[in-house]
Every structure is written in C-alpha cells, then in structure tokens.
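What follows is a set of notes on a single structure, which appears directly below.
Where a number appears in this text, it was derived from the coordinates with a stated rule and is not lab data. Predicted model only: the values in this text are computed from it and were never measured. With ideal geometry, Cβ positions are generated from the backbone for all residues, glycine too; neighbour counts draw on all protein chains shown.
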Amino acid sequence: MKANKKAEATLGKLPIERIQTGIRLEKRLVKVLKGLAEYNDMSLGEMIELISIHALEREHAFAADSLPLIKKVKDVYGMNYDVHAYEKFVDA
C-alpha cells in the first residue's frame, strides 16, 4: 500500500535531489532575490532554480507584468546596477 501512495504522490511530478552548496553572491542581489522569493511564496533556492532553468533555455523567468515589482524591490535594496555591470564587479 505504501508504494502505491508514493507512486500517486509523484504521478506527474519530477523527483529531484537537492544538495547544499556554498555560493557567494552580491549582497544586494541576494536581498532582491529573497524579497522576490518571499513575495512568490518560494525559498531562495527555489527562486535561484527557477531563474537558472529559464536562463539555460533562454527564457524569461518573470512575466512582463512583474517588472515594475522587480524594479521596486531593487530600489528598496539599493540594487542600482543591471546585467551590464557584472563584468565590472570587484570584491570590496
């Protein structure tokens, strides 16, 4: 009986295995990602997975109507740079 319940629970789902990682990210970026994750009732790890999977497929992770919210969250946390600034990053 247990096997059937487990099979039912994963029907249509993709079982995965998550691992702990020790990544370093820019401080304001982390705050923005945490804010967006909280708004979408997700963990930070789930938000990073979502964005990464979309990026690898050259797809947008966020709908166009999310952009004003993202701008507000970036403003709140002082994330005053865009994608083009990455190449200029240096550790302080």
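The table below gives the values:
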{"item": "Förster radius 35 Å - calculated FRET efficiency between Asp82 and Leu14 (Cβ-Cβ, nearest 0.05)", "result": "0.60"}
{"item": "Computed over the chain, Cα set: Rg, Dmax in Å", "result": "17.1, 58"}
{"item": "Proximal charge balance of Val32 [Cβ under 13 Å; K/R count +1, D/E count -1]", "result": "+3"}
{"item": "Note, ³J(HN,Hα) from phi for segment 79-92, Karplus 6.51, -1.76, 1.60, rounded to Hz, x at Gly and Pro", "result": "7, 9, 9, 10, 4, 6, 7, 3, 5, 9, 4, 9, 5, 8"}
